[in-house]
Amino acid sequence: MNERSTSATGINAFETQAVGACCSVIYSHPLATWLIGESFHPGGLALTDELAALTGLKPGMRLLDAGCGRGTSTVHLAKSTGCDAVGLTLESDGVERGRQLAVASGVEDRVQFVQDDILHVDTGIGEFDVVLMECVLSTLEQKPASLRQLYRISKPGGYIALTDVTVSKNLPVELQGSIGAALCMADARDLDEYMSLVEEAGFRVKEYRSASEAVQQLIRKIGMRLMIADAAIGIGSLDVERSLIVDARNALRIASGLVEDGTLGYGLIVAQRVG
Ligand SMILES: C[S@@+](CC[C@H](N)C(=O)[O-])C[C@H]1O[C@@H](n2cnc3c(N)ncnc32)[C@H](O)[C@@H]1O
């Protein structure tokens, strides 16, 4: 993982990092949790539950949460559906953090966390009935190879269930670099392209829909929290560079316009492994 740059320009300090790594560094930042919450994708756990219902996830089934972030969905689904779950994390502290969450939720006997890259995830961790991928495919540099690897560790008839940021036109230049990466936009595709990628890896799409309303809700939530953060910096109760807040507010304003004109959205896909 690259070292954080010493530039004092807020999110732009991540400018030189690759999208996946950049995303992982940014989502490990305490400010990200404060702004977004523990569930790092639009739609939160309600959309996670919808994915689980579409795959019929239930006790005895094995779930892989690929790119599990803080392990929020991993632990939530183990608890709510009774499945066995593995959270795959890039972050060096992700295994311990996820384990602590599993213990706190009383599901540590059915939940495991593994540190690995989706691209190289070891078939030794088993075969899965459901692979969950929330706001991760957009960040992967090697999308076809990564999906192919997830196909290999899926059971025949198993599902891949994903939600992700969709981008249908070129992004404005302000969102093409690190800020776009932080918001999972920099290498996002449109829903049709995601479906083609999933099918080329050997899955057949069963369900898909736009879930773009979830992005507008998340933008509103972050916007309100940024206003609070700005006030907190003003009275000295939050120790964060103000430039970070200014960058984030600008990015959010642009993103909101892009959702309104249909360039930016969010999509859901559930597909089944054939053979
Ligand atoms: C936007 S966050 C979403 C986290 C989680 N799925 C959620 O919804 O709360 C994207 C996550 O993908 C992870 N990620 C990105 N590239 C990855 C890769 N190649 N292998 C494993 N995880 C990856 C990042 O570390 C980050 O935790």
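Out of everything in segment 79-99 that is part of a helix (DSSP H, G or I) and under 18 Å from the mean Cα position of the chain (by Cα), what residue ends up being nearest to the ligand (Cβ to nearest atom)? It would help to see each step written out before you state the result.
So in segment 79-99, the residues part of a helix (DSSP H, G or I) come out as 79-81, 94-99.
Checking the rest, the ones that are also under 18 Å from the mean Cα position of the chain (by Cα) come to 94-95, 97-98.
Details: Gly94: 7, Val95: 12, Arg97: 11, Gly98: 11 Å.
Out of the qualifying residues, it is Gly94.
Given Leu119, Leu162, Leu150, which one is under 20 Å from Leu47 (Cβ atoms), within 10 Å of the ligand (Cβ to nearest atom) and out of contact with any Pro (no Cβ under 8 Å at 6 or more places or on another chain)?
Leu162
When you go through (1) part of a helix (DSSP H, G or I); (2) open to solvent by less than 60 Å² (accessible area, probe 1.4 Å); (3) farther than 20 Å from Gly43 by Cα one by one for Leu238, which number turns out not to apply?
Failing condition for Leu238: (1).
Cys184 fails exactly one of the following numbered conditions: (1) at negative phi; (2) of a type outside the set (Asp, Glu); (3) part of a loop (DSSP other than H, G, I, E, B); (4) within 20 Å of the chain's Cα centre (by Cα). What is the number of that condition?
Tallying (1) at negative phi; (2) of a type outside the set (Asp, Glu); (3) part of a loop (DSSP other than H, G, I, E, B); (4) within 20 Å of the chain's Cα centre (by Cα), Cys184 fails exactly one: (1).
Given the residues Asp164, Asp190, Asp247, which is the only one that is acidic (Asp, Glu) and farther than 19 Å from Val136 by Cβ?
Asp247
Taking the criterion of being open to solvent by 30 Å² or more (accessible area, probe 1.4 Å), among the aliphatic types (A, V, I, L, M), part of a helix (DSSP H, G or I) and touching a helix residue (DSSP H, G or I) at 6+ places or on another chain (Cβ under 9 Å), would at least one residue in segment 194-211 satisfy it?
The answer is no; no qualifying residue exists.
Go through (1) at pLDDT 65 or above; (2) more than 25 Å from Tyr151 (Cβ to Cβ); (3) more than 9 Å from the ligand (Cβ to nearest atom) one by one and return the number of the condition Glu38 breaks.
(3)
If you scan segment 46-76, which residues turn out to be within 9 Å of the ligand (Cβ to nearest atom) and farther than 18 Å from Arg209 by Cβ?
Passing the criteria: Asp65, Ala66, Gly67, Cys68, Gly69, Arg70, Gly71, Thr72, Ser73, Thr74.
Across segment 35-78, what is the total count of residues that are assigned to a loop (DSSP other than H, G, I, E, B) and either of a type in the set (Gly, Ala, Ser) or under 15 Å from the mean Cα position of the chain (by Cα) (or both)? So that I can check it myself, show each step before the final result.
We begin by selecting, within segment 35-78, every residue assigned to a loop (DSSP other than H, G, I, E, B); these are 37-43, 56-61, 67-71.
Now narrow it down to the ones that are either of a type in the set (Gly, Ala, Ser) or under 15 Å from the mean Cα position of the chain (by Cα) (or both): 37-43, 56, 60, 67-71.
Adding up the residues that qualify gives 14.
Every residue, every condition in (1) open to solvent by less than 10 Å² (accessible area, probe 1.4 Å); (2) of a type outside the set (Ser, Thr, Tyr); (3) under 20 Å from the mean Cα position of the chain (by Cα), yes or no:
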{"site": "Glu108", "(1), (2), (3)": "no, yes, no"}
{"site": "Phe113", "(1), (2), (3)": "no, yes, yes"}
{"site": "Ile125", "(1), (2), (3)": "no, yes, no"}
{"site": "Ser138", "(1), (2), (3)": "yes, no, yes"}
{"site": "Glu141", "(1), (2), (3)": "no, yes, yes"}
{"site": "Ala145", "(1), (2), (3)": "no, yes, yes"}
{"site": "Arg148", "(1), (2), (3)": "no, yes, yes"}
{"site": "Tyr151", "(1), (2), (3)": "no, no, yes"}
{"site": "Ala161", "(1), (2), (3)": "yes, yes, yes"}
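How about segment 212-231: which of its residues are loosely packed, with under 15 Cβ neighbours inside 10 Å and of a type outside the set (D, E, K, R)?
Once the filter is applied, which keeps residues that are loosely packed, with under 15 Cβ neighbours inside 10 Å and of a type outside the set (D, E, K, R), segment 212-231 yields Gln217, Met224, Met227, Ile228, Ala231.
The values are calculated or read from the model by the stated rules, or taken from the named source; none is laboratory data. These numbers were taken from a predicted model, which means no experiment stands behind them. Every residue, glycine as well, gets a Cβ built from its backbone with ideal geometry; the counts of neighbours run over all protein chains shown. Just so you know, the surface numbers come from the protein's heavy atoms only, side chains and all, with ligands and any DNA or RNA stripped out. Shrake-Rupley method; radii C 1.70, N 1.55, O 1.52, S 1.80 Å.
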